[in-house]
Amino acid sequence: MFDAPTRFREEPTMPFERVGPPHFGTERETLRAFLDFHRATLAMKCKGLTEDQLKERSSPPSALSLLALVRHMAEVERAWFRRAFEDNAAPMVWSQKEFDFQAAYDTTHASAEEAFAVWETEVEHSRRIELHAESLDLAGHQPRWGEDVSLRMVMLHMILEYGRHNGHADFLREGVDGTVGA
């Protein structure tokens, strides 16, 4: 049985826990907490499943599965943090094309261990970028759009991206073993 990551690491090491965002805090603390909450939710939805269960598709011919979502979110973390703020030319993880986010959904030959390791690495990288940024006004360049973006916008975009896919993860997990809710 595959066990989703028990923690994500950042500088300093941060336990991987699904903790609700604060009711009060700075804008940055609130954005960071909501993003981490959503990251933890995706991991929680995968926890305790076998590799075959993680690969179960929602409704063929769709390639949507929990493992596909983990791989996709690794690509999204890379595209919105690493590529926008550090290396516009950083290659996609699973795609040979520059902006093919669909390649991550093909889990035919994928391993859960590799997918979670890549996702954790990209999350750690994203966290480092955010932690070292002087402000949410830090400007990056999103090569997919060919436009500059602020760290604030990227963090909000990522919260929305995880929120949308965590909705998918809810249905996928229920379909795999009947587990519902948080």
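Dividing the helix sum by the residues of the chain, where each DSSP H run of 4 or more adds -39500 (n - 2.57), gives a mean residue ellipticity at 222 nm of -15500 deg cm²/dmol. Distance between the C-alpha centres of the range 34-49 and the range 76-105: 21 Å, rounded to the whole angstrom. Springs join every pair of Cα atoms under 10 Å in this Gaussian network model of the chain, and among Val123, Val19, Val76 the largest mean-square fluctuation is at Val19.
Sorting 155-165, 50-60 by their mean Cβ neighbour count within 10 Å, with the most densely packed peptide first, gives 155-165, 50-60. The value obtained for the range 141-182, namely the Cα convex hull volume divided by the number of residues, is 75 Å³ per residue. Computed on the Cα trace of the range 46-86, the radius of gyration divided by the Kirkwood hydrodynamic radius gives Rg/Rh = 1.14. Only Lys, Arg, Asp and Glu carry charge here, each on its Cβ (+1 for the first two, -1 for the last two); on that basis the chain has a dipole of about 260 debye about its Cα centre. Around the Cα centre of the range 69-176, unit charges on the Cβ atoms of Lys, Arg, Asp and Glu (plus for the first two, minus for the last two) sum to a dipole of about 120 debye.
Determine the sum of side-chain charges near Ala110: Lys and Arg each +1, Asp and Glu each -1, restricted to other residues whose C-beta is under 15 angstrom from that of Ala110. With Lys, Arg at +1 and Asp, Glu at -1, the net is -4. Rolling a 1.4 Å probe across the protein heavy atoms gives the chain an accessible surface of 50 Å² per residue.
What does the charge count near Gln142 come to, summing +1 for each Lys or Arg and -1 for each Asp or Glu among other residues with Cβ under 9 Å from its Cβ? Cβ neighbours under 9 Å give a net charge of 0. Computed from the C-beta positions of Ser150 and Arg128, the FRET efficiency with R₀ = 22 Å rounds to 0.80. Quantify, in whole percent, the carbon and sulfur part of the accessible surface of the chain (1.4 Å probe; protein heavy atoms only). Carbon and sulfur: 53 percent of the exposed surface of the chain. Annotation: peptides 135-146, 104-115, 33-44, ranked by per-residue average of other Cβ atoms within 10 Å with the highest first, follow the order 33-44, 104-115, 135-146. What number comes out for the charge environment of Ala84, summing +1 per Lys or Arg and -1 per Asp or Glu over other residues with Cβ under 12 Å away? Result for the neighbourhood of Ala84: -2. With the alpha-carbon atoms of the chain aligned to their principal axes, the span from lowest to highest coordinate is 44, 40, 24 Å, starting with the largest.
The values are calculated or read from the model by the stated rules, or taken from the named source; none is laboratory data. Everything numeric here is computed off the predicted structure, so don't read it as measured data. Counting neighbours? That spans all protein chains shown, and the Cβs are built from the backbone with ideal geometry, glycine included. Surface areas here come from the heavy atoms of the whole protein model, side chains and all, with no ligands, DNA or RNA. Shrake-Rupley method; radii C 1.70, N 1.55, O 1.52, S 1.80 Å.
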